[in-house]
Structures are given as structure tokens and as C-alpha cells.
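Participant: This structure is in C-alpha cells; I'll ask about it shortly.
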Amino acid sequence: YGAGSTISSNLLDDYEEGDWDPVFVGSGGSQNIDNGYYRKVGSLCYLSCSINVNSARTSGETSVVSGLPFTAATATNMINSVSFYEVSTNFTGSNIPIATIPSNTSNVLLYKSSGTNINPSAAFTAGQTGSINFSVTYITA
């Protein structure tokens, strides 16, 4: 505890953890949720999920995972971190998966990159099936 502070001012009064239901957005697509877990301490939220996509989105749709347990903060230069620990190569081929959470949303936007090109409208290849597993750390609103 810092000099001159009281114990009550240092108590953690905002802690929550539990399950959440991620949704892989895409018309005509279906999914099985293996798990979705989150932990929120103060305004910092960590979550992870595994999604098995049985039938993927149609061509031209943006790939989105919606239903985050908390809305992301609205702030200039707000940084969030998305780490993939498994993505089926059916979705991305030899491209690198990347993602972001836009300010004031409860969505993860999925992209793939090829060198210096990032293409959100072709984020995950249409018509493919497979698994998406990732973790996210972000500041909540």
C-alpha cells in the first residue's frame, strides 16, 4: 500500500469471471461453441474461446465474433490484444490471422494478412469449416 493510503482505498471492488457465448457471425453459417470464458478485474477484461464452425459465411461477408461479455471502451489510441492459438488453415490458407475490437463495440473483427495487405472483407475464406481459438485482453467501457 502506498504511503498515506488507507486499506479501503486499495480494495479490489470490481472482479467478475464466468462463461460467455461467442457467436461467429455469417449468414447460413452454424457453429458449436466448445467454450467461452472471461475474467474482468476493474476495467480490464481477459477472455478466451473456442469455436467450431460447421458451415462458414458466404462470400463477401466480414468475419466477426460477437457477444463479448463487456463493451470495449471508447478512447483514442485504445489498444487491445488478440492472440490466436489455433485457426484452421481452411480459413486463412498461408495468411496470418489478425483481429481487433473496435471502440464501443462487443465484437472481434477477424482479418487475414498477406505481407503488407490486410483484407477485412475476405478475412476468413467463405464456405470453409474448422476451428477458431483465441484469447483477448481489452479495456471495457
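The values are calculated or read from the model by the stated rules, or taken from the named source; none is laboratory data. Quantities reported herein were computed from a predicted structural model and do not represent experimental measurements. Positions of Cβ are generated from backbone atoms using ideal geometry, with glycine treated the same way; all protein chains shown enter the neighbour counts.
Participant: Restricting to segment 56-72, what's the tally of residues that are farther than 21 Å from TYR37 by Cβ and at pLDDT 70 or above?
Facilitator: Residues meeting the conditions: 1.
Participant: So TYR46 fits all but one of (1) at pLDDT 80 or above; (2) in a loop (DSSP other than H, G, I, E, B); (3) more than 15 Å from VAL23 (Cα to Cα); what number is the exception?
Facilitator: (2)
Participant: Then there's this: Exactly one of these conditions fails for ILE96: (1) at pLDDT below 85; (2) at positive phi. Give me its number.
Facilitator: (2)
Participant: Would you point out which residue out of PHE84, PHE124, PHE91 is touching a helix residue (DSSP H, G or I) at 6+ places or on another chain (Cβ under 7 Å) and at pLDDT below 85?
Facilitator: Checking each option against the conditions leaves just PHE124.
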